[in-house]
Amino acid sequence: MTDRNIRPGEPLPHYVNEAPFDPYRADTLTPEQERCYQASEWRIMWWKFRRHRVAVWSGAFLLAIYFAIVICEFLAPYNLHSRDTSHIYAPPQTLHLFHEGEFIGPFVYGFDFKLNMETLAREYLPNPEKIQKVRFFCRGDAYEFWGVIPGDVHLFCPAEGGTLFLFGTDRLGRDMLSRILYGARISLSLGFIAVAISFVLGVIIGGAAGYYGGWVDAIVLRLIELIRSFPELPLFMTLSALLPVTWSPIGVFVGISVIIGFLDWPGLGRAVRAKILSLREEDFTTAAQLMGASPRRIIGRHLLPS
């Protein structure tokens, strides 16, 4: 409808297709339209993820970090327990490429230090006369890769008789960069193992409760309420104290990660259950059921990606 009357012979203000309607005629789709219509839910999710630049760069950054902690023994210039008592609380050494306008390559200036008689603190000053080139793919402090394979090859090392403290040292003269790399392995691995376990349990249990309903849903809900009724921190501490004292630090670390994973899934499980409850009544779910698809295929291929 328009705000003015249309006179005979006057063109309409909107487009009208004058071709007769044919219900048996199929419009030809372009290759791009066919590609979109035939794509699976997982592929559509991947396309959306690639268009989000922040998500792509964040994912690449996380992959780089996790790759670094896998080979942190090789990347760290020093061993975890290596000490240099002559460089306690040393400041970070700046990496240089040029010295007095001449390209030398990656190097650092060595330190000269003196004791401040008023504060009794060491004062470090870079000495331009002490040029210490960084060595690459060199032999340095011995280590055991993941506590199993011995080795001594590092990506980069200090010069012979020199130092390479890019992040400085602590109160015992230990390299901070090396200790951060080793510590990141524990912190990130703990989160990855716990999140992986809770994610798998939450998706499987929550998906089954939402799809089947009935007594399965009732049991899952009572289990979720039971787990969430306990205070988390005291529960984690109590279960962690039950781990055998004879276990190695790595075993205790894995045990704590598993405990956190098994107790942290109810939140995700409840969210997945609520989403599956709404999606199982959709037309595409009914169509999949009529075509004879199994519940596992319906949940994994149609409901979870949605």
**Fill in**
Restricted to region 167-217 and to residues being aromatic (Phe, Trp, Tyr) and within 14 Å of the chain's Cα centre (by Cα), the residue modelled with the lowest pLDDT is PHE192
**Item:** Evaluation of ILE250 against (1) surrounded by fewer than 15 Cβ atoms within 10 Å (Cβ to Cβ); (2) modelled with pLDDT of 85 or more; (3) farther than 19 Å from GLY207 by Cβ (one fails), failing number
**Value:** (2)
**Item:** Residue count, region 98-120 (criterion: of a type in the set (Gly, Ala, Ser) and surrounded by 13 or more Cβ atoms within 10 Å (Cβ to Cβ))
**Value:** 1
**Complete:** When ILE197 is run through (1) under 20 Å from PHE74 (Cβ atoms); (2) not assigned by TED's automatic domain parsing to the domain that holds LEU95, the failure sits at (1)
**Request:** Scan region 69-78 for residues that are farther than 21 Å from PRO106 by Cα and assigned to a loop (DSSP other than H, G, I, E, B) and report the count.
**Result:** 1
**Message:** Take the conditions within 23 Å of VAL203 (Cβ to Cβ), under 30 Å from the mean Cα position of the chain (by Cα) and assigned to a helix (DSSP H, G or I) and apply them to ALA274. Does it pass?
**Reply:** yes
**Prompt:** Counting just the residues of region 135-174 that are of a type in the set (Val, Ile, Thr) and over 17 Å from GLU73 (Cβ atoms), which one comes out surrounded by the fewest Cβ atoms within 10 Å (Cβ to Cβ)?
**Reply:** THR163
**Fill in**
Checked region 79-97 for anything loosely packed, with under 15 Cβ neighbours inside 10 Å and part of a loop (DSSP other than H, G, I, E, B); matches are HIS81, THR85, SER86, TYR89, PRO92, THR94, LEU95
**Asked** What number goes with the only condition from (1) in contact with a Leu (Cβ under 8 Å, 6 or more places away or on another chain); (2) on the phi > 0 side of the Ramachandran plot that CYS157 does not pass?
**Response** (2)
**Request:** Quickly run through region 98-133 and pick out the residues that are in a strand (DSSP E or B) and either farther than 25 Å from CYS157 by Cβ or of a type in the set (Gly, Ala, Ser) (or both).
**Result:** GLY105, GLY110, LYS114, LEU115, GLU123
**Message:** Quick check on region 280-302: of everything there that is among the hydrophobic types (A, V, I, L, M, F, W, C) and touching a residue at least 40 places away in the same chain (Cβ under 8 Å), which residue is surrounded by the most Cβ atoms within 10 Å (Cβ to Cβ)?
**Reply:** ILE299
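The values are calculated or read from the model by the stated rules, or taken from the named source; none is laboratory data. Note that the structure is predicted; figures quoted are calculated from it, not measured. Virtual Cβ from ideal backbone geometry, glycine too; neighbours counted across all protein chains shown.
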